[in-house]
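Worksheet: the structure to be examined is printed underneath.
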Amino acid sequence: DSSSDPSQQEAKQREAEIRNTILAQVLDQAARARLSNLALVKPDKAKAVENYLIQMARFGQLAGKVSEQGLIEILEKVSQQTEKKTTVKFNRRKVLDSDEEDDY
């Protein structure tokens with residue numbers, strides 16, 4: 001099993017640390033709090049926003065720290081970009097909902 005490979009685990013750990021370091025540098029405290037709350041509810045969307053922020057940071061497109069308001073604007077942008085995917089998810093959710101009803 002490749003997931004138990006220690007060097008791969010280390011690489012994943014390092015990548016996570018690098019991501020967190022970049023996010024710590026580009027987000028102010030309120031924005032980070034909002035992003036971590038989002039990650040609990042919608043991990044996919046949080047990941048997309050993180051990727052977007054990290055990409056912008058790497059290209060030097062962020063001036064100073066992103067505020068909570070700035071993060072909200074980025075969230076809206078990412079939401080618009082992923083709207084097409086959301087309709088697919090919506091269909092999938094319908095299926096999941098009917099499965100959940102069977103469990104009770």
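Overall dimensions of the stretch 11-82, expressed as equivalent-ellipsoid semi-axes from the Cα gyration tensor (√(5λ), whole Å, largest first), are 17, 15, 12.
Residues in the stretch 34-44 carry Karplus couplings, in order, of 4, 5, 6, 5, 4, 4, 6, 8, 10, x, 5 Hz; the curve used is 6.51 cos²θ - 1.76 cosθ + 1.60 with θ = phi - 60°, and Gly or Pro positions show x. Can you send over the carbon and sulfur percentage of the accessible area for the stretch 11-82, probe radius 1.4 Å, protein chains only? Reported share for carbon and sulfur atoms: 51 percent.
Positive contributions from Lys and Arg (+1) and negative ones from Asp and Glu (-1), summed over other residues with Cβ under 12 Å from the Cβ of A46, come out at +4. Per-residue Karplus couplings for the stretch 66-80, computed as 6.51 cos²θ - 1.76 cosθ + 1.60 with θ equal to phi - 60°, are listed in order as 7, 7, 4, 4, x, 5, 4, 4, 5, 4, 5, 4, 4, 4, 5 Hz, Gly and Pro entered as x.
The values are calculated or read from the model by the stated rules, or taken from the named source; none is laboratory data. Just so it is clear, the model here is predicted, and its values are computed rather than measured. Virtual Cβ from ideal backbone geometry, glycine too; neighbours counted across all protein chains shown. Just the protein is used for accessible areas: all its heavy atoms, side chains included, with ligands, DNA and RNA removed. Shrake-Rupley method; radii C 1.70, N 1.55, O 1.52, S 1.80 Å.
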